[in-house]
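Step one of this worksheet: look at the structure below.
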Protein chains: 2
Amino acid sequence: MGPFLACDWGTTNLRAWVVGEDGCVQAQRDFPFGVSRLQPGEAALRFRHEVRRAMGAEQLPAMLCGMIGSTLGWVVVPYAETPIDLPGLGRRLYRVAESGPPVLIVPGVRGPGYTAAPEVMRGEETQVLGWLALDPARSQGVRVLCHPGTHAKWVIVENGRIVRFVTFMTGELFDVLRKHSVLRAEENPADEAAFAEGLEAAGEGDALSARLFTVRTRVVAGDRRPESSASYLSGLLIGSETAGAPRLLGFERDLPVALVGEPALCRWYELALRARGRTVTVHDGDEASVAGLRALHMEGVRA
Amino acid sequence: MGPFLACDWGTTNLRAWVVGEDGCVQAQRDFPFGVSRLQPGEAALRFRHEVRRAMGAEQLPAMLCGMIGSTLGWVVVPYAETPIDLPGLGRRLYRVAESGPPVLIVPGVRGPGYTAAPEVMRGEETQVLGWLALDPARSQGVRVLCHPGTHAKWVIVENGRIVRFVTFMTGELFDVLRKHSVLRAEENPADEAAFAEGLEAAGEGDALSARLFTVRTRVVAGDRRPESSASYLSGLLIGSETAGAPRLLGFERDLPVALVGEPALCRWYELALRARGRTVTVHDGDEASVAGLRALHMEGVRA
């Protein structure tokens with residue numbers, strides 16, 4: 001395998017890695033220009049003049065995943081449809097019209113939702129493929145992955161193929177409610193007891209708009225300190241998500257869940273799932289992204 | 001019964017009525033200074049110099065309900081505890097230390113919630129008692145009332161006593177999500193088809209943070225017009241509430257629901273409940289408030 005430049009170009013940031021011939025990361029750097037901060041036409045310039053230069057990667061082929069393939073990004077890359085696996089996604093890589101070494105964008109994935117509206121992802125599909133590539137045994141049987149975040153994704157993989165998934169806007173709800181609602185809650189040092197109390201209050205994930213109100217009543221009419229509200233709210237929302245996902249996606253509650261994401265955030269999900277007696281494994285999101293981009297780079301070279 | 005000045009002094013506004021000897025409303029007026037807009041100490045001055053004067057009610061006894069009895073209001077009136085009925089609340093009326101004709105504040109009501117935190121209301125208890133007073137038959141058996149609003153209340157009444165209740169922050173979620181989240185939705189002319197689609201997407205009221213995301217996907221990756229998003233979001237939230245309330249409050253799904261509130265908002269709840277095959281009656285919230293304040297005024301005179 002030749003060396004290449006791997007990028008997860010998301011909404012807020014761009015994470016870039018130079019991956020060597022041996023498949024190992026030789027350099028890593030973050031850039032503050034996610035697609036939500038780009039003007040039209042700016043992506044190509046930023047990539048050429050800042051990312052390539054800063055990474056010392058002017059001559060390397062590049063593999064990009066994430067929101068860079070959306071309407072806000074460099075070019076709109078059509079979604080691949082479920083069910084999809086590594087060779088399938090490798091065949092749909094989009095080559096940007098750019099002189100010099102090839103720049104490929106990984107398509108997002110689209111699948112049916114539980115309503116008439118479809119579900120979509122851009123970036124998580126690469127983490128799923130990376131997670132699969134890191135251990136061939138994972139491509140056997142039914143697997144459940146959860147990617148915590150602003151818009152958390154739960155993904156069902158059957159025999160190495162992404163078959164269906166669903167989005168919970170848990171992270172965004174947390175932010176919006178604590179900044180703009182009567183539930184106003186400062187981010188404070190994590191309070192595990194309050195988080196556990198929130199998990200408990202989540203019940204079976206039903207009646208969330210009622211359960212949310214307890215963030216306020218437990219302080220105003222109860223005896224809890226306002227400083228614990230953010231942790232309680234977090235427990236309530238993550239508890240509601242972890243309770244609701246199995247039914248919405250139709251998977252058995254006793255299947256293990258692989259958490260793939262930012263380690264500190266995964267830890268809260270781990271607590272929530274273990275409180276429900278679930279088996280959990282935790283995997284670094286960046287490692288999964290790099291592994292996915294590497295696997296797709298190899299597929300691309302082969303094709 | 002002597003004439004009196006009736007006020008529902010809420011968070012945003014104050015509604016005032018002069019009620020005559022015959023029990024009928026002789027004058028009505030709204031004032032823009034709800035408790036959230038008052039400085040400490042301002043309530044008494046506003047009431048004496050603006051409300052009494054504007055209503056020509058300088059010499060009338062007054063009966064006030066709502067947030068005016070909260071920490072933001074005139075004076076903090078301790079909650080009455082469930083179960084509570086009209087005579088019970090009448091005995092707990094709070095007389096403000098004010099020269100001239102008596103000014104009484106109706107206590108809010110507190111009851112156990114479904115978590116360790118209690119449930120509280122200020123204002124709706126008066127509407128419930130008013131609704132009961134308007135028809136003696138309503139004080140027999142088990143009744144379910146729903147008060148739509150920023151913080152909607154569902155109340156169970158057994159033989160004329162408020163026995164338990166629960167709060168859904170549906171109205172606030174609607175506002176916060178359409179103003180501050182990725183679901184950003186302009187308020188547009190009501191779209192009944194989109195509302196019905198939202199009701200359908202609410203499922204059994206579970207997994208709300210996932211279902212909310214369909215407000216976005218149905219437009220971005222589906223084929224729905226963004227102008228229909230607000231009505232869809234409203235259907236999703238009200239559908240989730242009406243699905244979740246029976247279980248949370250533990251009442252039979254075939255009990256009729258009495259909607260008490262602002263008629264235009266009640267209409268959406270009526271649509272949602274009828275779509276689930278529920279029997280619904282609709283009652284004007286202001287009429288219920290006046291009836292409750294009148295019943296309490298008579299109790300107070302008697303005591």
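When A:Leu248, A:Leu265, A:Leu236 are checked against the criterion of being surrounded by fewer than 24 Cβ atoms within 10 Å (Cβ to Cβ) and under 17 Å from B:Ala210 (Cα atoms), a single residue qualifies: A:Leu248. Taking residues in segment B:90-101 that are in contact (Cβ under 8 Å) with a residue 40 or more places away in the chain and closer than 24 Å to B:Leu129 by Cβ, and partners anywhere that are among the basic types (Lys, Arg) and exposed (fewer than 12 other Cβ atoms within 10 Å of the Cβ), the pairs with Cβ atoms closer than 8 Å and at least 6 places apart or on different chains are B:Gly90/B:Arg302.
So, of the residues in segment A:175-188 that are buried (at least 19 other Cβ atoms within 10 Å of the Cβ) and under 22 Å from the mean Cα position of the chain (by Cα), which turns out to be farthest from the other protein chains (Cβ to nearest Cβ)?
A:Leu177
Please specify each residue of segment A:1-31 satisfying the condition of being assigned to a strand (DSSP E or B), farther than 27 Å from A:His151 by Cα and free of Cβ contacts under 8 Å to residues at least 40 places away in the same chain. Within segment A:1-31, A:Gln26, A:Ala27 qualify. Can you confirm whether A:Pro101 is within 14 Å of another protein chain (Cβ to nearest Cβ), not small (Gly, Ala, Ser) and not in a helix (DSSP H, G or I)? So A:Pro101 does not fit the description; no. Exactly one of these conditions fails for A:Ser139: (1) away from chain B (no Cβ under 14 Å); (2) among the hydroxyl-bearing types (Ser, Thr, Tyr); (3) touching a residue at least 40 places away in the same chain (Cβ under 8 Å). Give me its number. Here A:Ser139 meets the rest and fails (3). Against the list (1) modelled with pLDDT of 95 or more; (2) surrounded by fewer than 21 Cβ atoms within 10 Å (Cβ to Cβ); (3) part of a helix (DSSP H, G or I), the condition B:Ser36 fails is (1). Taking the stated definitions as given, is A:Trp74 part of a loop (DSSP other than H, G, I, E, B) and away from chain B (no Cβ under 14 Å)? Answer is yes for this residue. Highlighted here are the helices (runs of 4 or more DSSP H) found entirely within segment A:189-280 that include at least 1 residues which are within 14 Å of chain B (Cβ to nearest Cβ) and among the small types (Gly, Ala, Ser): A:192-201, A:208-211, A:229-249, A:263-275. If you go through segment A:219-263 and pick out every residue that is charged (D, E, K, R) and modelled with pLDDT of 95 or more, you end up with 2.
Checking each residue in segment B:268-303 for being buried (at least 18 other Cβ atoms within 10 Å of the Cβ), among the small types (Gly, Ala, Ser) and farther than 19 Å from B:Lys153 by Cα picks out B:Ala295, B:Gly300. One residue stands out in segment B:105-124 among those that are touching a residue at least 40 places away in the same chain (Cβ under 8 Å) and assigned to a loop (DSSP other than H, G, I, E, B): the one that is farthest from the other protein chains (Cβ to nearest Cβ), namely B:Val106. Annotation note: of B:Pro107, B:Pro136, the sole residue that is over 16 Å from B:Val155 (Cα atoms) and more than 18 Å from the chain's Cα centre (by Cα) is B:Pro136.
For segment A:281-303, the set of residues classified as outside any helix (DSSP H, G or I) and either under 14 Å from A:Gly66 (Cα atoms) or not β-branched (Val, Ile, Thr) (or both) consists of A:His283, A:Asp284, A:Ala303, listed by residue number.
Here is a yes/no grid of residues against (1) touching a Pro at 6+ places or on another chain (Cβ under 7 Å); (2) more than 23 Å from A:His283 (Cβ to Cβ); (3) at pLDDT below 95:
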residue	(1), (2), (3)
A:Gly160	no, no, no
A:Val163	yes, no, no
A:Leu177	no, yes, no
A:Ser181	no, yes, yes
A:Arg184	no, yes, yes
A:Pro189	no, yes, yes
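Within segment A:190-202, the set of residues being surrounded by fewer than 24 Cβ atoms within 10 Å (Cβ to Cβ), within 25 Å of the chain's Cα centre (by Cα) and not hydrophobic (A, V, I, L, M, F, W, C) comprises A:Asp191, A:Glu192.
Of all the numbered requirements in (1) within 14 Å of B:Tyr114 (Cα to Cα); (2) at the interface with chain B (Cβ under 7 Å from one of its Cβ atoms), A:Glu172 misses one, and that requirement is (1). Residue check: B:Ala152 meets all listed conditions (1) surrounded by fewer than 24 Cβ atoms within 10 Å (Cβ to Cβ); (2) touching a Ser or Thr at 6+ places or on another chain (Cβ under 9 Å) but one, namely (1).
The values are calculated or read from the model by the stated rules, or taken from the named source; none is laboratory data. Since the model is a prediction, treat every value here as computed from it, not as a measurement. Here the Cβ is made from the backbone with ideal geometry for all residues, glycine too, and neighbour counts use every protein chain on show.
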